[in-house]
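The values are calculated or read from the model by the stated rules, or taken from the named source; none is laboratory data. In this text the structure is predicted, and so the values were computed from the model without any measurement. Counting neighbours? That spans all protein chains shown, and the Cβs are built from the backbone with ideal geometry, glycine included. Note: areas computed on protein heavy atoms with side chains; ligands, DNA, RNA excluded. Shrake-Rupley method; radii C 1.70, N 1.55, O 1.52, S 1.80 Å.
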Amino acid sequence: MQQEIRPLLAVDIIEQLHRQFALLSGGRGKDGAPIITFPEYSGFNDVPDEDFLNVVTYLTSIPSLDAASIGFIIIIDRRKDKWSSVKASLSRIAGAFPGNLRLVLVLKPSKFFQRAIAEVGIKLHKDEFKMKVLIMMLNSLPDLYGYVDKGQLTPELGGSLEYCHSQWIHHRTAIENFAMTVKTTAQMLQKFGTDLAETELPNDVQCTKDLLAAHADKHNSLQLALKQGTTLLGCIKEQAAKSENHKPNPDEMENQTTVERLLAQLDETENAFEQFWCKHHLKLEQCLQLRHFEQDYREVKVSLDSLGESLSSLSVIGDCLARVEQLLTELKTLEENARVKKAQLHALHGDQLIQSNHYAVDSIRPKCIELRRVCDDFSNETKKKTDVLSKSLQIHKGIEKWCESGIYLLASQAVDKCQSQEGAELALTDIEQFLESAEMNQLTELRNLHNQYEVVLSEDIKASVLKALKRLEDVQEMFEKRNVSLKRLSAKQTRPVQPVAPRPESSPKRPTLKNPSRTTGTQQRESDIASQLSTSSPQGYFAELDNSELSHLTPPSLENKRDVLFGNLPEIYEFHNRTFLRELENCIEKPELVGTCFLKRKEELQVYEKYCQNKPRSEVLWRQCGDSLFFQECQKKLDHKLSLDAYLLKPVQRITKYQLMLKEMLKCSKSEGVAELEEALATMLDIIKSVNDSMHQIAITGFEGNLSELGKLLMQGSFNVWTDHKKGHSKVKDLARFKPMQRHLFLYDKMLLFCKKREETSDGHEKTPSYSFKHSLKMSAVGITENVKGDCKKFEVWYNGREEVYIIQASSMDLKNSWVSEIRKVLTGQLEACRGTHSSCALESKCP
């Protein structure tokens with residue numbers, strides 16, 4: 001691999017610089033040309049050519065490009081040397097100096113003899129030096145001042161320019177080290193940021209904790225160089241301001257500017273990274289919160305399911321008072337179980353995560369809803385069983401008390417006292433009063449309960465009811481026999497009668513009850529569903545709007561907006577009243593025809609889509625005028641327990657009940673009509689999906705085109721989206737873009753829309769989503785890559801030959817596969833249509 005070529009640094013030639021055979025003091029010529037001084041150095045001729053070349057190359061690289069373009073002034077100080085040294089110096093400079101030369105100034109040897117030789121030698125050997133600039137041979141320092149101002153010369157040359165070679169080397173190495181540190185730091189931050197952005201979030205608590213700790217440790221271990229650069233800049237400024245009269249030379253000012261520029265670059269890099277790190281760290285912390293939430297959710301859900309199974313297995317059948325009391329105690333223990341409270345607290349914790357703008361709201365909210373649903377189901381089932389058992393307890397207590405009291409009454413009636421007419425009448429009165437107490441204590445409810453609900457009672461419950469009912473009837477039968485005997489005694493005393501107290505065991509058995517005439521279960525259910533799904537309570541309100549007697553109560557906000565409030569409810573009513581209800585009623589005797597009925601009317605059932613699309617507008621209008629006296633008067637007049645908005649919700653609820661009914665019918669069906677029922681179920685599920693998609697579509701804002709021209713809306717859903725375009729570029733300051741965008745996608749036949757989901761709250765009511773249009777892709781120029789490395793839930797959609805690439809992450813594999821399949825269907829359909837067009841053109845071209 002080819003290594004990076006880097007410029008020569010002071011640290012590379014530190015030993016050669018310390019020899020001081022060449023200096024860059026910071027002085028400048030009158031035209032701003034940098035001055036390089038070759039001071040007296042006894043071993044100059046012994047300096048290796050490589051060392052000489054490295055030093056002068058390094059020195060010429062330090063001044064700015066503007067200064068270097070003027071050319072360099074060379075001052076060669078050989079006052080204490082010989083002509084041979086002068087000649088050697090000129091020859092070496094002429095052969096190896098890498099920069100542009102402006103002027104060469106030579107201080108000749110001070111000794112008379114060597115000076116004379118130098119004057120002759122320069123004339124004889126001038127052409128050997130091959131320099132294109134003027135070489136000035138100077139006899140003394142005053143001659144030098146004619147070319148260079150004394151303020152630009154060091155004290156060694158009689159000038160006032162302060163220069164410390166060791167400090168100069170120290171500054172140069174410090175500046176270059178800091179520049180390298182800035183570069184290395186930027187590269188480390190770039191690599192770390194890339195690693196962070198490409199990290200897949202773990203799926204369990206411990207792995208998420210480990211990843212969060214590892215990233216935090218790595219972040220803390222990055223020793224940023226701001227402190228180093230600030231200290232260096234302070235040293236340079238301190239050196240420049242060491243005296244009030246000191247004026248920084250151009251090299252010092254350039255050093256200061258360089259360090260300030262590097263500091264600004266480093267600060268910008270660090271700020272960009274810290275912004276990205278804060279977002280990434282927040283994402284990891286939220287991921288850990290999510291994993292804790294999911295883990296606790298699974299534990300709570302398993303616990304609730306176990307609790308629900310215990311509740312389901314708890315019988316409501318008590319054949320005696322003690323058993324009923326035991327069942328009620330067990331039910332109360334289940335009701336007070338702490339697991340339900342824990343589930344409710346966990347759902348509350350999920351709400352807090354949602355309110356804190358957690359990135360996984362779409363994952364948390366369904367779990368909170370599910371927990372509350374399970375808790376509500378548990379509570380409702382507990383209440384239902386409590387009501388049944390409490391009623392059973394009441395009945396058992398009444399029966400047991402009444403039966404025991406009755407037997408005691410019969411046994412306590414003395415036989416000898418009943419022989420007289422007066423005694424018989426007194427005993428008869430006691431019995432009649434006691435029998436009336438059965439009605440007062442509502443003991444006949446058990447018999448009514450059995451007769452009314454015999455069809456739906458299970459065999460166990462029916463047996464328990466019959467057992468209690470048998471005991472009640474046995475005691476009543478005893479009273480009836482005693483009653484007959486006493487009436488005979490009170491009516492006529494012909495001979496002594498010796499009645500015997502009856503015993504329950506000896507009484508004849510109660511005859512078996514006969515079931516009333518009824519239709520079959522399936523037929524009855526079809527009739528109930530048909531009548532239920534074809535009721536339209538809001539029609540009364542609709543008609544009252546035309547009632548002149550109530551016109552003065554009509555709210556102004558409702559004027560000319562009846563169609564907004566009711567939508568196409570009259571159309572739905574007419575469809576059910578004239579068509580669908582009658583067809584369903586015709587299926588009561590043949591329920592296997594219900595599927596055919598739905599398939600026949602699948603086009604008319606699309607009427608619900610229009611109603612659901614209007615429902616948000618209707619709700620807004622209802623909030624404005626629902627409290628008016630008009631609707632209160634209508635509700636009172638129509639004798640409705642619920643207000644109008646409850647009935648306006650019925651069509652939305654009804655469209656989902658059809659598929660539930662069809663599912664139940666499929667469970668009861670064997671062979672005939674099953675295929676039609678299955679097809680009808682698929683049709684109703686498609687209608688529900690179409691209604692749901694259309695509700696999302698009407699919430700799209702900012703799209704300038706006509707949505708109806710895009711073809712059928714095939715799919716819609718929320719995804720994480722990354723972009724990877726050819727014309728993009730990577731910078732540390734752009735690291736925040738590694739975070740995915742949250743986009744809601746709408747797939748049409750002709751276009752794919754990218755929107756941003758927003759939720760708006762109005763008047764304290766539930767949030768209503770809207771979708772702000774961001775971008776669109778024509779399906780005719782779209783391509784798809786099904787699998788993306790690193791995540792099985794990602795796929796790529798690219799545009800115009802991968803000029804634009806969108807990496808899309810679904811929430812599950814099933815969702816990804818359904819979208820990939822649907823997009824491929826669109827693309828395949830376009831290809832087939834294109835082939836069909838080409839075939840038609842080819843046939844036309846062959847025609848004469």
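Structural remarks
- The stretch 10-163: equivalent-ellipsoid semi-axes (sqrt of 5 x gyration tensor eigenvalues, Cα, Å): 22, 18, 16
- Gained length - GLU425 relative to MET180, 0.36 nm times residue gap less alpha-carbon distance: 75.9 nm
- Under 5 Å, built H, 5+ apart or other chain: amide partners of ILE76: PHE38, LEU105, VAL106, LEU107
- The 1.4 Å probe gives accessible areas that order LYS789, LYS757, LYS794, LYS111, largest first, as LYS789, LYS111, LYS757, LYS794.
- Environment charge at LEU59 (Cβ cut-off 11 Å; Lys +1, Arg +1, Asp -1, Glu -1): 0
- The string of couplings for the stretch 381-393 from the Karplus curve (6.51, -1.76, 1.60, θ = phi - 60°) is 5, 5, 5, 4, 5, 4, 4, 5, 5, 5, 5, 4, 4 Hz, one whole number per residue in order, with x for Gly and Pro.
- Taking amide H as placed 1.01 Å from N in the peptide plane, the amide H of SER776 sits under 5 Å from that of PHE754, each at least 5 places away or on another chain.
- Segment GLU198-HIS18, extension gain: residue separation times 0.36 nm, minus the distance between their alpha carbons: 60.0 nm
- Restraint check, LYS750/LYS825; LYS615/LYS816; LYS689/LYS712; LYS561/LYS650; LYS383/LYS670; LYS191/LYS283, Cα-Cα greater than 24 Å: LYS615/LYS816; LYS383/LYS670
- Kirkwood-type hydrodynamic radius, the stretch 538-694: 17.3 Å, calculated from all non-identical alpha-carbon pairs.
- Using θ = phi - 60° and Karplus 6.51 cos²θ - 1.76 cosθ + 1.60, couplings along the stretch 798-812 (whole Hz; Gly, Pro as x): 10, 9, 6, x, 6, 5, 10, 10, 10, 8, 10, 10, 8, 7, 7
- Here the stretch 568-599 and the stretch 675-702 have alpha carbon centers that stand 20 Å from each other.
- Net charge of the neighbourhood of ARG562, taken over other residues with C-beta under 13 Å away and scored Lys/Arg +1, Asp/Glu -1, is -2.
- Counted by Cβ distance under 12 Å from ASP351, the other residues give a net charge of +3, where Lys and Arg count +1 and Asp and Glu count -1.
- Amide hydrogen neighbours beyond the local backbone of MET715, cut-off 5 Å, H modeled: LEU747
- Accessible area per residue was computed with a 1.4 Å probe on protein heavy atoms; MET695 scores about 60 Å².
- Accessible surface of ASP351 - all protein chains present, 1.4 Å probe, nearest 10 Å²: 40 Å²
- Using θ = phi - 60° in the Karplus curve 6.51 cos²θ - 1.76 cosθ + 1.60, the 3J(HN,Hα) couplings for the stretch 257-265 round to 4, 4, 5, 5, 5, 5, 5, 5, 4 Hz; x is entered for Gly and Pro.
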